[in-house]
1. Where Lys and Arg each count +1 and Asp and Glu each count -1, what net charge lies around Gln206 among other residues with Cβ under 12 Å from its Cβ?
2. Which order do you get for Leu142, Leu180, Leu268 if you rank them by accessible area with a 1.4 Å probe, largest at the top?
3. To test your reading of the geometry: what angle, between 0 and 90 degrees and rounded to tens, separates the Cα axis of helix 2-23 from the longest principal axis of the chain?
4. Can you give the % of DSSP beta bridges in the stretch 81-236 that are antiparallel, to the nearest 5?
5. Taking the full set of protein chains and a 1.4 angstrom probe, give the accessible area of Phe243 in square angstrom, rounded to the nearest 10.
6. With every protein chain in place, what's the accessible area of Leu75 (1.4 Å probe, Å², nearest 10)?
7. To the nearest 500 deg cm²/dmol, what mean residue ellipticity at 222 nm is calculated for the chain from DSSP H runs of n ≥ 4 alone, each contributing -39,500 (n - 2.57), summed and divided by the residues?
8. For the stretch 218-265 and the stretch 79-122, what is the separation of their Cα centres, given in Å?
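The values are calculated or read from the model by the stated rules, or taken from the named source; none is laboratory data. Just so it is clear, the model here is predicted, and its values are computed rather than measured. We place every Cβ from the backbone using ideal geometry, glycine too, and count neighbours over all the protein chains shown. With ligands, DNA and RNA removed, areas are computed over all heavy atoms of the protein, side chains included. Shrake-Rupley method; radii C 1.70, N 1.55, O 1.52, S 1.80 Å.
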Amino acid sequence: MKYISNFVYVLILLILFNCKQSSDKYVEFKIQDKSNSVNYLDEDRTQHITLKPTNIQGIFTDIAVVDSLLICGNLRSEKLINIYSLNSNKLINKIISRGNAQNEGLSIANIFVGSNRSVWIYDITLSKLFQINIDSSKNIGLIQKEISLAPKLKNIVSPSIINDSLVLATTYSFDDFRYLYTDFNKIKKKVGKLPDITNDEFLEDQPNTKFPNRAYIFKAISIKHPIDNKVAIFYNKTNRAEFYSNDKLSQAIHYKSKFNPKMYVTKLKKGFSVEDYAKTIYAYLSVAHTKDRIYCLFSGDKNGNTSSDKILVYDWEGNFINELSLDRKVSKICINPITETLYCYDDQIKSIFSIQVKF
């Protein structure tokens, strides 16, 4: 009887294991573009770059530069933001305490510098935006404005602040458009659509989800031209970029060999969940721009690396200019649009490097 009992137990385990195996899959979601609607870049124009150390170190989530100031988001420190002088490479202020109260935040996802030199800090966890002062030496980093986003606008990605009442962003929370405009309280305009794909039956959402699967696999960085009505979108899990003029898609491109989102899919009681896994390939990691050029830190590494030594340079129409080959891998970039000095964060040795880019 004991032998039979053990046999039945093992049999049940095998059945459960097989059921688990059949409900969990590794799925590639192939983008289905109409013929001649996408351009493929296969040019090889490379400029080798040797970065210079700045002696600025820390564990940073994002970086931005305005004038002679480098603004860095902290991952673990009591203060969310460090402000450094690039003239001396020294820390001059720490701002925004970690917490849930007014003038406090929890995690910095993005730092945005507007065309009028306004600096905005985006806390994705609390869905807050802080505008800080950078003009007065006595009050550098002083919070000038704090805005809490409406609940439906939580989980926006890489917000570009156009003015005090208009923001452009992509989002995790909606999958029926590519990017949006908002006044912080409601969506003012929806633009574009997410790509059509194969295997979309595996993207059925669980009921009442806050993160639609399609929006997740097509996470992307959005940027807006400082003056003109031009927008560029750079995808994180496929080597696709899209360029818009007056909110109309003018060009979609894939850099060299096209790769698609590869995800780990789990069948739920209702719907599916999708997650990154070891074979997920990341494309665009960080983006910086001037009024003439867009600098894109690009991975494409089959080992799933989220740092890279490759920066792709485009113009705002989507024309490829060249590739910058760095002497080290970095995870974040930003650029001074006046001096064209590129700042790069090496997350392995936790240091900032720079170089003045010349074409």
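1. Numbers: positive: Lys210, Lys267, Lys269, Lys270; negative: Glu204, Asp205.
So the surrounding residues net to +2.
2. Values: Leu142 100, Leu180 0, Leu268 50 Å².
The most accessible residue leads, giving Leu142, Leu268, Leu180.
3. It works out to around 40 degrees.
4. 95 percent
5. Counting only protein heavy atoms, Phe243 exposes about 0 Å² to solvent.
6. 90 Å²
7. On the way: 2 runs with 27 residues, N = 359.
Rounded to the nearest 500, it is -2500 deg cm²/dmol.
8. 27 Å
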